[in-house]
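Below is one structure, written out as structure tokens, with a few remarks after it.
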């Protein structure tokens, strides 16, 4: 699968620049990862500041990061496995 930002929510599974503009994130969930405790997700903003840098939990197959509000750009620099679902305010 490839990143899909045409609808809402976004469905992301590949590292890359997702948005270079300000984005209002209503919710962010990482799911369907393959290795509890070892898979990694790293998301940065335009300035290289960390939005998320997380390893998978060891208790389930969904990690809900909640509401982030405004972020200045959205770049996935590492996703070991799984899908990131991002609900944005348009």
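The values are calculated or read from the model by the stated rules, or taken from the named source; none is laboratory data. These numbers come from a predicted model, not from an experiment. So basically every Cβ, Gly included, is an ideal-geometry build from the backbone, and we count neighbours across all protein chains shown.
So which residues in segment 63-88 are part of a loop (DSSP other than H, G, I, E, B) and closer than 13 Å to residue 44 by Cα?
Step one: of segment 63-88, the residues part of a loop (DSSP other than H, G, I, E, B) are 67-68, 80-82.
68, the sole residue that qualifies.
Does residue 85 qualify as being modelled with pLDDT under 95 and within 20 Å of residue 15 (Cβ to Cβ)? Step through it out loud before you land on a result.
On the way: modelled with pLDDT under 95: no; within 20 Å of residue 15 (Cβ to Cβ): yes.
Criteria not met by residue 85.
Strands (runs of 3 or more DSSP E) wholly in segment 1-61 with at least 3 residues that are touching a strand residue (DSSP E or B) at 6+ places or on another chain (Cβ under 8 Å) and more than 13 Å from residue 74 (Cβ to Cβ) - which ones? Lay out the reasoning, then the answer.
Values: elements: 10-12, 16-31, 40-44, 50-55.
Correct list: 16-31, 50-55.
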